[in-house]
Structure formats: structure tokens, C-alpha cells
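The block underneath contains the structure these notes are about, expressed in C-alpha cells.
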Amino acid sequence: MAEFDREASIYDETRAPPAPEELRAVLHALEGCPKVLEGGVGTGRFSVPLSEQGHQMTGVDISREMMRRARQKGLEALVLGSLYRLPFREASFDASLLVHVLQLLPDPFSPLRELARVSRQRVVAVFPDRGGREGMGRFRERYRQYAEELGYPLPPRPRYWENGQKLLATVPPAGLDRVELPRDPGSLQSRLERRQAFGFSGVPPEVHAKILDRLQRERGGERTDRPPRRTIHVAWWEARTLLGPLPTA
């Protein structure tokens, strides 16, 4: 929780708002589901535009500070809670939504079962395609190595795309949209500097800067062969299909 409380002040500044194509795909997946729970609502980046489109949004998050910022944007139905044990009764919502949260979960299946439990119709998840993420995976591994060398060991975290791919392979969705989006035009260095620790909260700024400098020199400059677009998945499942036995991570 402390990690996300620290990131709340820069969260919206370091992430673009939902792209129109991304928002359209989510709206399509939520069609016929007016009452929606967003798990990991954060600062309301998706719940705010979805509520503006007529959905009755409720958000749950482990970070009070993130939700405080969401409330400043006009979201009122916000609840402190964990995705592993949601504070709602069965079938409280028409649908549940996870947006770029899967990569934060050591075990993605238990939260999905919980989301299905509180949903009458479906569970929707937004997550990246594997393509083009291998380089970032290597970068994160090297970052962790250097952080540990400097006395700041970091907790394990799934690779950004890994849980989404595991989910697709294990429980085929009822619907799936692949959405192509333009990449952030900024360099990797500038994006990491804007986002103080790029998901590696707990690393002091001066140590973070030292690691970035070392990685930049190791890479020999910024790559220029990155694809101009990235792909995300917007997948949805009938809630009942996620209520049965699922693997454990």
C-alpha cells in the first residue's frame, strides 16, 4: 500500500489518459453491464471516463492516497480493500474490470475468482501483449540486480505481460479485442526519469539515478528500432467460467 501511496502524486503525470481506441474496446466489453466494479481503481483514470459514458462505477483499491485523488475527480463510490478478499457480497455488480493490474499480482487467478464472485455477468481485463516487451523485461532484471548490489533488494514481480498470457492460455476468454496504440514518443531514459522509480518504489531518487546512468551506458545509447505501436488485449469472461477450479500461481 505504501508503494502506491508514494506514487499517487505523480501517477497521472507519468501515464497518458486512456486512448480512444482503448476506451472503446473496454466499453464494448462492458456492453449491457451498467453497474461495474473496477479493481485497482487507482486515481480513476478509467472509472472517470467510463462513468461519463453512463456506467455506474465503484472502485476498490489498497491505496487511500490513490483513491483520494480519484475522489477529487468526482468518483464517490470508493472502497478500501484487497482484490484477494473483496468487501462485497456475491453478484453485487453486473461486471468487474481490471486495467493494467495483472502484472502487479503474484497470483492472478485468486483475484479473478473474487471478481467473478461479485459479478453477475462478466469479468473484463486489460493487459499488454507480449510483443515488444522482452527488452523491458531484460531492463527490469538488470535494474533489480544493480539495486540489490547497492543495498536495495526489490520484491519479485511478474514480467509485465506474463500474467495476461498465462490467463489467456489457461482460461480462454469469451471475447477478446487486440488494440494497437502509439508508443510513448519519449525516450526510455526520459520516461524513467518522469516516473521516479518506474514501479520500483523504495529505491531512493539518487540511487535510481545512479542505476539509470549505469544502464544507459550499458545499453550504449537509446534504441531506435522500437516498433512505433504497441498492442494491448481487452478480454472478457463470463463470470461463471471463473468460479470453478482455477490454477494457483
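Cβ crowding within 10 Å ranks D61, D107 as D107, D61, fewest other Cβ atoms first.
Across the range 112-128, coupling constants 3J(HN,Hα) worked out from phi with the 6.51/-1.76/1.60 Karplus curve, θ = phi - 60°, read 5, 5, 5, 4, 5, 4, 8, 10, 7, 10, 8, 10, 10, 9, 10, 7, x Hz, and Gly and Pro carry x.
Database remark: amide H of R120 closer than 5 angstrom to the amide H of F93, D94, A95 (H placed geometrically; neighbours at sequence offset of 5 or more, or on other chains; Pro and chain starts carry no H). Length gained on full extension, F139 to S92, computed as 0.36 nm times the residue gap minus the Cα-Cα distance: 12.8 nm.
For the range 82-122, the Cα gyration tensor yields ellipsoid semi-axes of 18, 11, 8 Å (square root of five times each eigenvalue, largest first, whole Å).
Label the range 1-142 by shape, choosing from rounded, prolate and oblate, from the square roots a ≥ b ≥ c of the eigenvalues of the Cα gyration tensor; if a/c is under 1.5 it is rounded, and otherwise prolate applies when a/b is larger than b/c, oblate when it is not. Note, shape of the range 1-142 comes out rounded. Converting phi to 3J(HN,Hα) with the Karplus coefficients 6.51, -1.76 and 1.60 and the offset θ = phi - 60°, the range 204-211 yields x, x, 5, 6, 4, 4, 5, 5 Hz in sequence order, with x at every glycine or proline. Restricting the chymotrypsin sites (Phe, Trp or Tyr not before Pro) of the range 33-140 to loop positions (DSSP other than H, G, I, E, B) with no more than 16 neighbouring Cβ atoms within 10 Å leaves Y84.
Simple spin-label model, 7 Å along Cα-to-Cβ: S82 to L168 in nm? For the pair S82/L168, the computed spacing is 3.0 nm.
Compute the FRET efficiency between R178 and E31 as 1/(1 + (r/R0)^6), taking r as their Cβ-Cβ distance and R0 = 25 Å, and round to the nearest 0.05. Using R0 = 25 Å, I get an efficiency of 0.90. Coupling constants for the range 20-35 follow from the phi torsions by the Karplus curve (6.51 cos²θ - 1.76 cosθ + 1.60, θ = phi - 60°), and in residue order they are x, 5, 5, 5, 4, 5, 5, 4, 5, 5, 9, 4, x, 10, x, 9 Hz; glycine and proline get x.
At an R0 of 51 angstrom, the distance between the Cβ atoms of L243 and R217 translates into a FRET efficiency of 0.50.
Each residue, Q53 and D5, gets one label point 7 Å from its Cα in the Cβ direction; the gap between the two is 3.3 nm.
All of the numbers you see were taken from the coordinates with simple rules; none came from a lab. Every value quoted in this text rests on a predicted model; they were computed, and no experiment measured them. All Cβ positions, even for glycine, are placed from backbone atoms using ideal geometry, and neighbour counts span all protein chains on display.
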